[in-house]
Amino acid sequence: MTIKVRYDVVVIGSGPGGLAAAIAAKKNGAQDVLIIERDIEPGGILLQCIHNGFGVEVFKQDLPGPSYAQRFINEAFQVGVEFLLDTMVLNITRDHRIAATSKRHGFFTIQAKAVVLAMGCRERTRAQVRLPGTRPSGVFTAGTAQRWVNVEGYMPGKNFVILGSGDIGMIMARRLTFEGAKVERVLEVMPYLSGLTRNYVQCLMDFDIELQLKHTVKNIIGKNRVEAIEAVAVDDRWNYIPGTEEIIPCDTLLLSVGLIPENELSRQAGVLIDPVTAGPFVDDGFQTNIPGIYSAGNVVHVYDLVDWVTEAGLIAGRSAARLVQKGPQLNSKTIPVKAGENVRYVVPHNLNPDHLAEDDIRIQMRVRQPIEAPVWVEVRIGGNLLHRKAEPYARPGEMVTIPLKPAHLDEVKAASELTVAIVKR
Amino acid sequence: MKNYDIIIIGGGVIGCMTARALSRFDLKVLLIEQESDIGMGASSANSAIIHAGHDPMPGSLKAEMNRIANPMWDQISTELGISFRRCGAYIVAIGEDEFGCLTALKERSDSNGVTSEIISAEEMRRREPLVNPAVSGALFTPTAGMVDPFAACVASIENAIQNGVEVLTETAFTGFIMEGKTITGIHTNQGDFACRWVVNAAGTYSDEVMHAAETCQDFKITPRRGEYYLLDKAEIEMNNILFPVPSAVSKGILVLGSTHGNVLVGPNSQSTEDKENKSVTSEGLAEIWQGAQKLVPSISPRSVIAMFAGLRATGNAACLTPGVNYNNDFVIERSVEVNGLINLAGIESPGLTAAPAIAQRVIELLQDSGETLIDKQNWNPIRPARPHFNHMNREEQADLVAKDPRYGRIVCRCEMITEGEIIAEIHAPLPARTYDAIKRRTWLGTGRCLGSFDMPRVVDILAHELNLPATAISKKGAGSEFLQRQTKEVEA
């Protein structure tokens, strides 16, 4: 393809968020829509997620990752989204100028009327959880191992210990077992699971893989290759409990210790980042503080289900198309949304009541402390309850969603801010 | 048996710089390194500082070598095409109690012949806004600088290779071949080599090389481990080198902005008998953080993106200058007990700084013993630097990609390292054959994702370029392979 000088909407990343944003932008009237993807094919991290569990909300079907991605790739081609693959964006300016490079097209710059950031997230590493010990080969993030096994077709070890009960870690425990490896143990420093319960059941319990909560790695042992790890129990303040140390022989330590939105390009463009989510501050249309720069999916906050990422992408793409056609909405008042009682964070950070007049606005949050009992998810204005929803429990590994409806419009319009809370029923 | 004039044992910065210094003469020189790559010992984990020379004990060989070597770095870095920044360094006094120490440090600096000045707290805060507001003053040493220590090793050995020096990696010294009191060769795990001279630059193992020749039985290296933490560029930016007021054993835990743009904090100092123990510890982390936050309170362990430890080759040699009571001096000598041995031992800090002067001293020691060194007619001191995409401006990047499209494909997203750079290192004069060798040369995989993204891609490129199966590609040599087998391969 030839690269145009100008595009209506440029989407950075072709994972589920980026694909949905590009499709929505095109369907809502944007003319030239381009996705820039650094890998050699579109689909993002879904391509290495060959397990099922994708699409239950969007398609009412349980699909493997690549199949889920393919539906959107097909649709993107059908509606005329353009793709630049094997291409890395180097820089985005606040006035939407994008510099990128690829082996095929060389170095180039393009101008976009609107940009959707959909770079996804990356995995936390050994250094970020500051794991002591030597630095041998055989300490990998779960996602790197997943790429090796599912995309490249190689086993990165024989005997594994997995630190962290994140979803990718648990899924890899099962996957590695299928491929003939032994997963000795999954260790989790928190007193609760950090991924989805269904993954604990289907990936660990079903394969008799032991999960130890309130345990971590105290030492990595081995000069060239991992030879063993030293596990230890921790107290409520994450201090090692002396006497609980255990040497577990293994040749590989996989880390599934959290994901961080990937916002280096966003920062360069002047996008402000919420220190709690590590993603941009966004409004209900996923616009950042920089007019015309939107963000969608795991680059905003780390979701638990791909279906929500797709939905966020659709909203961001629609917002970008609206901007391209109608120009910026001036003088529209926005209402801040704040994380209240037992809520770690909430997205969006503010909302435009005019949008609520047209459609529901979904408010999504993560609970701070687990509640293993029926809860209320509440939206409050000052001390007063605006709206609430019942949930059977609240767990940090599972996102909580509450929709605001057009019926709430008048009260929201009059509010100076909204607060969300998760409390015992 | 292959025959050499000189064999250098050890491919750290001392061995590499010595090889380069000797390459200008008409000599047959071999450097052997037991690891899979050069620069994997102390040269791979240190503070990356070209010290002004204020700190060593006046009258010691450390002080002398530091003083001679410091001014050499401008020319060397230019010839070798490596980045060097003469930015100066600050010894920062925190609180009024420490301010008094600056006068003593200034006196020490003066007696070492090193330029320095005491600056006010206000001036220190102006020059480094991140410094602890409780600063009471600082000693500024303007001649200190910052270099990439891996680049110094790689560039000097490459220049040596260009000029005819041979290098063997994964080749470990196992003993001397002697005729009476004269060395005539060495045994290695790769066979025997004849030579007239051996230069012992074996770092933490330099005592064992001495003992193998039945010399210097009292000399002992007791490594001191130093842990370091590297911080995310996006979280903290600093361009200065800040030392605390020093303790008896070390220059203390410092905070500096490295040549790569990351803030580096460390090292602590823990004696160990284990010459391979390069582990990081939770105690070390706590110690380093306490030290670092004393200088720069705003830095947080949350912004750590990499951690590592190095071993200082701390010896127990007494200073030979009469009247100087100091027992951890460098050993730079021609052995008097056997013929044909030059020892470069106990080279801890300021070893990186001192390396070019130590290399020069090796030449003098050879000449003093009657060796006639004849200049090579075609010696070329220039080692051309290879392109670094991320260090270029947009126009230069565009030009580079236009010339060679492989520089247009980014393999490491955090540090923006291209396929072109990786391939160039694999086919360099000293080929980079492992992941870590490429990492040290390009700075790939040192960013926030710590290589999670690039690792499978680099393994693939290495396998392709070296024409090896992916399962043969390692992190740092034999035994550290990444991959065990193909998924559908039936296990034996």
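Observations on the structure shown:
- The residues in the range B:10-30 that are farther than 17 Å from residue B:360 by Cα and not in a loop (DSSP other than H, G, I, E, B) can be counted, and the count is 1.
- Count of the range A:218-241 residues, restricted to those that are within 11 Å of chain B (Cβ to nearest Cβ) and among the β-branched types (Val, Ile, Thr), is 4.
- In the range A:110-166, of all residues being closer than 23 Å to residue B:229 by Cβ and among the hydroxyl-bearing types (Ser, Thr, Tyr), the one that is surrounded by the most Cβ atoms within 10 Å (Cβ to Cβ) corresponds to A:141.
- Among the candidates B:217, B:162, residue that is more than 23 Å from the chain's Cα centre (by Cα) and surrounded by fewer than 24 Cβ atoms within 10 Å (Cβ to Cβ): B:217
- Qualifying residue in the range B:211-232 (condition: modelled with pLDDT of 95 or more, assigned to a helix (DSSP H, G or I) and in the same structural domain as residue B:358 (by TED's automatic domain parsing)): yes
- Boolean, residue B:373 is more than 10 Å from chain A (Cβ to nearest Cβ) and among the aliphatic types (A, V, I, L, M): yes
- From the list B:288, B:299, the one residue that fits, being part of a loop (DSSP other than H, G, I, E, B) and out of contact with any Cys (no Cβ under 9 Å at 6 or more places or on another chain), is B:299.
- Of the criteria (1) in contact (Cβ under 8 Å) with a residue 24 or more places away in the chain; (2) over 22 Å from the mean Cα position of the chain (by Cα); (3) under 21 Å from residue A:315 (Cα atoms), which one residue A:78 fails: (1)
- Tabulated pairs, the range B:255-283, first within 11 Å of another protein chain (Cβ to nearest Cβ) and over 27 Å from residue A:239 (Cβ atoms), second in a loop (DSSP other than H, G, I, E, B) and of a type in the set (Lys, Arg), C-beta under 8 angstrom, 6+ apart or interchain: B:276/A:223
- Count - residues of the range A:199-229 that are in a strand (DSSP E or B) and either of a type in the set (Phe, Trp, Tyr) or free of Cβ contacts under 8 Å to residues at least 24 places away in the same chain (or both): 1
- Residue that is closer than 22 Å to residue A:302 by Cβ and at pLDDT below 95, where the choices are A:89, A:5, A:58, A:11: A:58
- Scanning the range B:359-412 for residues that are of a type in the set (Asp, Glu), over 30 Å from residue B:25 (Cβ atoms) and either assigned to a loop (DSSP other than H, G, I, E, B) or in contact with a Gly (Cβ under 8 Å, 6 or more places away or on another chain) (or both) gives a single hit, B:404.
- Test for residue A:41: is it free of Cβ contacts under 8 Å to residues at least 60 places away in the same chain, farther than 17 Å from residue A:320 by Cβ and surrounded by fewer than 21 Cβ atoms within 10 Å (Cβ to Cβ): yes
- Candidate set: the range B:440-463, residues that are outside any helix (DSSP H, G or I) and more than 21 Å from residue A:168 (Cβ to Cβ); chosen: the one nearest to the other protein chains (Cβ to nearest Cβ): B:446
- Every condition in (1) crowded, with 17+ Cβ neighbours inside 10 Å; (2) at pLDDT 95 or above; (3) within 22 Å of the chain's Cα centre (by Cα) is met by residue B:93 except one, and the failing one is (3).
- Whichever residue in the range B:416-444 is small (Gly, Ala, Ser) and under 19 Å from the mean Cα position of the chain (by Cα) and, among such residues, is nearest to residue A:126 (Cα to Cα): B:437
- Residues that are small (Gly, Ala, Ser) and within 11 Å of chain A (Cβ to nearest Cβ) within the range B:376-434 comprise B:398, B:402, B:408, B:420, listed in sequence order.
- All of B:382, B:358, B:347 fail the test of being modelled with pLDDT of 95 or more and loosely packed, with under 13 Cβ neighbours inside 10 Å, apart from B:382.
- Taking the range B:457-492 as the range and being without any contact (Cβ under 8 Å) to a residue 40 or more places away in the chain, more than 17 Å from residue A:150 (Cβ to Cβ), among the acidic types (Asp, Glu) and out of contact with any Ser or Thr (no Cβ under 7 Å at 6 or more places or on another chain) as the test, only B:491 passes.
Conditions (1) assigned to a helix (DSSP H, G or I); (2) in contact with a Ser or Thr (Cβ under 9 Å, 6 or more places away or on another chain), marked per residue:
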site: B:59; (1), (2): no, yes
site: B:67; (1), (2): yes, no
site: B:71; (1), (2): yes, yes
site: B:109; (1), (2): yes, yes
site: B:115; (1), (2): no, yes
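- Pairing residues of the range B:288-307 that are within 14 Å of another protein chain (Cβ to nearest Cβ) with residues that are assigned to a helix (DSSP H, G or I) and modelled with pLDDT under 90, at Cβ distances under 6 Å and at least 6 apart in sequence or on separate chains, gives B:289/B:301.
- Scanning the range A:257-278 for residues that are touching a residue at least 24 places away in the same chain (Cβ under 8 Å), under 20 Å from residue A:367 (Cα atoms) and part of a loop (DSSP other than H, G, I, E, B) yields A:257, A:258, A:274, A:276, A:277.
- All conditions in (1) more than 7 Å from chain B (Cβ to nearest Cβ); (2) assigned to a strand (DSSP E or B) hold for residue A:75, with the sole exception of (2).
- Selection count, the range A:99-119, where residues are in contact (Cβ under 8 Å) with a residue 24 or more places away in the chain and either closer than 30 Å to residue B:301 by Cβ or at the interface with chain B (Cβ under 10 Å from one of its Cβ atoms) (or both): 5
- Given (1) surrounded by 15 or more Cβ atoms within 10 Å (Cβ to Cβ); (2) farther than 19 Å from residue A:158 by Cβ; (3) touching a residue at least 40 places away in the same chain (Cβ under 8 Å), number of the condition residue A:254 does not satisfy: (2)
- Output for the range B:310-342, where each listed residue is touching a Pro at 6+ places or on another chain (Cβ under 8 Å), part of a strand (DSSP E or B) and among the hydrophobic types (A, V, I, L, M, F, W, C): B:311
- Hey, residue B:466 surrounded by fewer than 18 Cβ atoms within 10 Å (Cβ to Cβ) and either within 30 Å of residue B:17 (Cβ to Cβ) or facing chain A (nearest Cβ under 7 Å) (or both) or not: yes
- Note on the range B:61-83: among residues that are crowded, with 18+ Cβ neighbours inside 10 Å and β-branched (Val, Ile, Thr), the one that is farthest from residue B:354 (Cα to Cα) is B:82.
The values are calculated or read from the model by the stated rules, or taken from the named source; none is laboratory data. Please read these numbers as outputs of a predicted model, since none were measured by experiment. Because the Cβ atoms are built from the backbone with ideal geometry, glycine has one as well, and the counts that use them run over all protein chains shown.
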